[in-house]
1. Please turn the phi angles of segment A:19-27 into ³J(HN,Hα) values with the Karplus equation 6.51 cos²θ - 1.76 cosθ + 1.60 (θ = phi - 60°), one per residue in order, whole Hz, x for glycine and proline.
2. Please list, in order along segment B:73-83, the HN-Hα scalar couplings obtained from phi with the Karplus expression 6.51 cos²θ - 1.76 cosθ + 1.60 (θ = phi - 60°), rounded to whole Hz, x for Gly and Pro.
3. Toward the positive end of the charge dipole of segment C:7-272, about the Cα centre and with charges on Cβ (Lys, Arg +1; Asp, Glu -1), which of C:L149, C:G214, C:P118 goes farthest?
4. How large is the dipole of segment C:7-272 about the Cα centre if only Lys and Arg carry +1 and Asp and Glu carry -1, each at its Cβ, rounded to the nearest 20 debye?
5. Measuring from centroid to centroid over Cα atoms, what is the spacing of segment B:197-232 and segment A:226-289 in Å?
6. Taking the Cβ-Cβ separation of A:D79 and B:E9 as r and a Förster radius of 56 Å, what is the calculated FRET efficiency to the nearest 0.05?
7. How many partner chain Cβ atoms sit within 10 Å of a residue's Cβ in peptide A:220-230, on average, as a whole number?
8. Amide H neighbours of B:L296 under 5 Å, counting only residues 5+ apart in sequence or on other chains, H built in-plane at 1.01 Å?
Amino acid sequence: MEKRLGIQIRNKVIRMVLLVLTTSMLTFILMKASPIDPLQANVGQAALGSMSHEQVEKLEEYWGVGESPVKQYVSWAADFIRGDMGTSLLYRQPVADVIAVKLANSLFLMVTAWILSGILGFFLGVISGMNRGRWIDRLVKGYCLLISSTPTFWLALLLLMVFGVWLKILPVGLSVPIGVEAAGVTFFDRVYHAVLPALTLSITGVSNIALHTREKMIGIMESEYVLFARARGEKGLVLFWHHGLRNALLPAITLHFAAVSEIFGGSVLVEQVFSYPGLGQAAVSAGLGSDMPLLMAITIISALFVFGGNMIADILYGIVDPRIRKGGAA
Amino acid sequence: MEEPVLKIEHLNISFLQYTNGMRQSQLDVIRDLDVEVNAGEMVAVVGSSGSGKSLLAHAVLGILPYNAARGGRMTYRGSELTQERIEKLRGSEIVMVPQSLSYLDPLVKIGKQIRKGRNDQKTVEKLKNIFRRYDLKEEVEDLYPFELSGGMNRRILISTALIEEPKLVIADEPTPGLDLKVAKRAMGHFRELADLGAGVLVITHDLELALETADRVVVFYAGCTVEEAASKDFIREETLRHPYTKALWRALPQHGFQFIEGVQPYVKEMPEGCPFSPRCGMCTQECRSDIPYRSLRGGRVRCLYAT
Amino acid sequence: MMRHLNGRQRVLLGLIVSAVILLTVCIGGAFCGDAARVTDFSRKNLEPCLRYPFGTDWLGRDMLVRTLKGISLSVLLGMAAAAVSAFIALALGIAAATLGKTVDAVISFVIDLLMGIPHILLLILISVALGKGFRGVAWGVALTHWPSLARLIRAEVMQLKESPYIQIAGKLGKSRWYIAGKHMLPHLMPQFLTGLVLLFPHAILHESSVTFLGFGLSSEQPAIGIILSESMKYLVTGKWWLALFPGTALVLVVVLFYVAGENLRKLTDPGSVHK
């Protein structure tokens, strides 16, 4: 059993490394294909003229003017693995440093939203699935339909209008108050400024997991083992506790780990609206400003998170489900 | 005379279904079913596979699917068995023994599942006794359903009934595809339950096995009960009443495996009146009308010409 | 009236109603292209009123007209891109199911790859690669929406391949093209159409999101993403109608697409025979 799981994990890791490698190639090709000249776009004609010859050369070397794309990719990838992700043209800092700061900001947001939406979505799905066809089920279904039809950025705008502009109880943007020294920023300030973005992300994240859990729950409620449990007099919360929870939780956790990608995508939009200085906003700036090194690095980092999430989900399933854990046929 | 534990009169169960795209129609899967079970008695309802007889078990336990409608009257120990009453009694006085392990939760250990999560000393002791009685090792309690070996399944499923104090046991197809020895043993377990004083209703497709252990046999054909007979009536063909039962009798191995032509009519193409009429040699014009279920020689029959 | 209809007829009615509304909005929007650009400083920054139900913006443009135009632009672009995506899904799904293990593995790898990059980020990458603008967002949406539908079609074809009547047709010596056309396609079509309709809302939402971020349609075009992104600057000054109405309209349209898709699915799903 230990060995089986070991082999499984090894195969998953190999596949993940391959996927990340291919992602980096794909990103690299896309960036190379771009008709936008990063040097012109970023540094600008005037700045380019005022730079020393050496600096220009360094930049050109960085962009590998005159080298074969394959060579460029290999040297870029080799540097990347060593931790040298290049220099951000926009922030004039090593990409690694930029990402470290932005990622920390974003993680705060994303983890909160991920946990909140997971718990809320699971319970909404369970309630809805156990009361199929009743008003509460319709309410949850309607909510999910509405939320999945609502663009994340517009929801963010709405919340901003209501809480920031109209009620004036929450800040309109930024992760810390303007004009306050980094040292003067308290934990409370951080939370205060992250409430709206995190709330937006949580609200949108609920729909998927709730609908999925609802389907699972309906399947469970119609299963023979629940039929039998009901025939044995179990009902309501006891029935849910004995049979519903376990059987619904496993797929929900798997799904939610796989949903890391959506939270990541949502954070791009939400951070843009709230001017929250996280990874998502950096991605947008990098894209608009053609900061290729930063954009590539963000893509790869986010892919790492997504694939990592998927892998955790797979492994978790193997550990938690006795049928897989003990090597039976699932 | 003492009230029967369970008495079912004119049970019918139907489903709503869409046909031809937009129209709804009603499917009568069980049309007219009558059966009685007394305390200490084992009664078998025998019908061919796929005839919807499992619904009988689901009806008694109040677990029919949401799109099913039930009619007729069910009485338990003298008073009507309403849905509220079922919900109070099921799992304690009225228990069901399902047909396969798929009726057990795949993620809950066997012992915990049989005990329904109860952990009090009495229940734990009781399960240990049941396991001892059925030659099951104590370690089995810690297994998951998928880890059970085929031989244990029956005894595990019956344990779910024995952990309670049942007055009525409904066994849904207790011998699906089992070899003869195991099947006989499984039926024997139910016989024991009846001998202990419970009323046992076994729903099965296997007439031969039913005759060996049950006191009475109710024959179910195309949605109706067509005959009710004591097991001993099956010793000779002449003591049987309905032509279909006689056909079943002739199809038993010891009587020469003679099968009759034709198949049971499908729910949607049910003939009027007697459902057996298309395959019956004695059928006349009168058989096209409603046939009453009448008493005859200590049993009951749904045939105009039975004597 | 609804009470007299059974479930299926209600589903069909829902489908027709949503289709009619969507069609009206698209055609209506397409006709007010010029009106959406008319500026008139005598009527700027008007709150919603009878004459201008959605209000006017800082250039005095009628927001109702702009919204209609924006919606129809987003819907048409989204639908066209989703259609391209759906055909990619059809081709790759069938290829994965019929062309052997290697092709299957490659396609499933590509699917994993595309699903691995957060969708918005992928759209940004493609948009940048194509030099942003209309081309960037159109190709971006068209090239990234096929994986889930492709998986569905692959599974469906796999199942069809194993089904007895197709096996028998094969044994009877019918050509592969004959079997594909005569037996597989009719079974695949409902799934494909439903999948296509259910792609529309995603495509529309992603188009508007990418445009909102500044990677899509140019700011001269009254796309819904542009309208909302412009409105952001005026939110703090209390011009709520600039964001509220266009956004609500977009949500409504997307809801209608979902409803239409779900109803289509219910009609074609054999499992819904029972009540």
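Computed from the coordinates by the stated procedures, all read-outs in this text should not be read as laboratory data. Since the structure is predicted, the reported quantities are computational estimates derived from the model, not experimental observations. FYI the Cβ positions are ideal-geometry reconstructions off the backbone, even for glycines, and counts take in every protein chain you see.
1. Going residue by residue, I get 5, 5, 4, 5, 4, 5, 4, 4, 4 Hz, with x marking Gly and Pro.
2. Result, ordered by residue: 10, 10, 10, 10, 6, x, 10, 4, 8, 7, 4 Hz.
3. Toward the positive end, the furthest listed residue is C:L149.
4. Values: 23 positive and 14 negative charges, 103 e Å.
Result for segment C:7-272 is approximately 500 debye, rounded to the nearest 20.
5. 52
6. Details: r = 85 Å, r/R0 = 1.51.
In this case the efficiency is close to 0.10.
7. Details: counts 1, 1, 2, 4, 8, 11, 3, 8, 14, 8, 7.
Partner-chain Cβ atoms within 10 Å, mean over residues of A:220-230: 6.
8. The list, which skips near neighbours in sequence, is B:V301.
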